[in-house]
Amino acid sequence: MKTLYAVYREAIKAISEAGCDSPEFDAQQLVSYCFGLNKTQLLMNSGTAVDEVKLIHFEDCVKRRCNHEPLQYIIGMWDFHRFSFKVGEGVLIPRPETELLVDFAVEKIQKNGYSVVLDLCCGSGCIGLSVAKLCPRVKVFCVDISDKALEYTRQNKELLGADNVTVIKSDVLESTGFVGLPRPDIILSNPPYIRTEDIKGLQEEIAFEPKLALDGGEDGLIFYRSLSEIWYPFINRGGYLAMECGEDQAADIVSLFVDKADKGKVIKDASGLDRVVVIAR
């Protein structure tokens, strides 16, 4: 009978040999998921014999991770901002830098008393739902074209009890995409922004994520043009459009608004990279 610590060390070795970036972290997360033990509990119970049924599940999860399936998909849940969200195949994995959009929106809502927020290309709904939970008097509309993504949004809405959120299927690239929606005070968006040609060169884990949520067209800017031409004029005066972007895209995105807006700024992420472009309406 194998001990808990032995299977944990074997998992680290296997994940490391598979070329994954953070084998010890991944192994700890899988131990927590499969055996219900955090890092401290793992050490305190290191000599305990593992349950055979749970071991089978654990070894299957390790094998999936060794095949470079994202850890988040294996676990099925991931933390974002102050909340946990269901994630899986067909939806983009929430990332820490995207929390900047939530922080920006909450600050402006609390300062200006805004009442309507749109989350365009919402995916799992992590942006809009986080804003809705932190600002319960605001009406939030989560918009996406993907049925798979919207199913996760609906599940996460129910999970969080976010009754002030409405989930809408619509194409952000279409001029009729906003039909039926109220004029927003803030539009938030983490749109697909990777250049089509660059997708094939990304790390193996990203290949599991939906291309629909990654592909920003030949120059990576197709969605930003739509946000500039279709959605920006739809925002109430005195409001904002805040968009996540790739580290080398901020200047190109700002240029799309030169003839439309007088005020804007770029917010850097924790690594000092340009990450969010904000345009005032």
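The values are calculated or read from the model by the stated rules, or taken from the named source; none is laboratory data. Quick caveat, the model's predicted, so the values are computed rather than measured. Here the Cβ is made from the backbone with ideal geometry for all residues, glycine too, and neighbour counts use every protein chain on show.
Screening residue 89 on (1) within 30 Å of residue 10 (Cβ to Cβ); (2) part of a helix (DSSP H, G or I) shows it passes everything except condition (2).
Exactly one residue out of 106, 140, 91 is in the same structural domain as residue 244 (by TED's automatic domain parsing), crowded, with 22+ Cβ neighbours inside 10 Å and at pLDDT 95 or above: that is 140.
Among the residues making up region 1-18, those that are out of contact with any helix residue (DSSP H, G or I) (no Cβ under 7 Å at 6 or more places or on another chain) and either assigned to a helix (DSSP H, G or I) or more than 18 Å from residue 44 (Cβ to Cβ) (or both) are 1, 5, 6, 9, 10, 13, 17. Inspection of region 263-270 finds no residue satisfying the criterion of being within 15 Å of residue 191 (Cβ to Cβ) and either in contact with a strand residue (DSSP E or B) (Cβ under 8 Å, 6 or more places away or on another chain) or surrounded by fewer than 13 Cβ atoms within 10 Å (Cβ to Cβ) (or both).
So is residue 37 without any contact (Cβ under 8 Å) to a residue 40 or more places away in the chain, part of a loop (DSSP other than H, G, I, E, B) and crowded, with 17+ Cβ neighbours inside 10 Å or not? It is true that residue 37 is without any contact (Cβ under 8 Å) to a residue 40 or more places away in the chain, part of a loop (DSSP other than H, G, I, E, B) and crowded, with 17+ Cβ neighbours inside 10 Å. Each residue in region 246-269 was checked for being more than 19 Å from residue 98 (Cα to Cα) and in contact with a helix residue (DSSP H, G or I) (Cβ under 9 Å, 6 or more places away or on another chain), and 5 of them qualify.
Looking only at residues that are under 12 Å from the mean Cα position of the chain (by Cα) and assigned to a loop (DSSP other than H, G, I, E, B) in region 109-127, which one is surrounded by the fewest Cβ atoms within 10 Å (Cβ to Cβ)? Here the answer is 121.
The set of residues in region 147-161 being in contact with a Gly (Cβ under 7 Å, 6 or more places away or on another chain) and surrounded by fewer than 21 Cβ atoms within 10 Å (Cβ to Cβ) consists of 148 alone. Quickly run through region 17-34 and pick out the residues that are surrounded by 14 or more Cβ atoms within 10 Å (Cβ to Cβ), within 16 Å of residue 69 (Cβ to Cβ) and among the hydroxyl-bearing types (Ser, Thr, Tyr). Passing the criteria: only 33. Return yes when residue 246 is without any contact (Cβ under 8 Å) to a residue 60 or more places away in the chain, surrounded by 14 or more Cβ atoms within 10 Å (Cβ to Cβ) and either outside the structural domain of residue 105 (by TED's automatic domain parsing) or not in a helix (DSSP H, G or I) (or both) and no when it is not. Yes: the conditions hold for residue 246. For region 13-62, a residue qualifies if it is closer than 20 Å to residue 1 by Cα and charged (D, E, K, R), and the qualifying residues are 13, 51, 52, 54, 59, 60.
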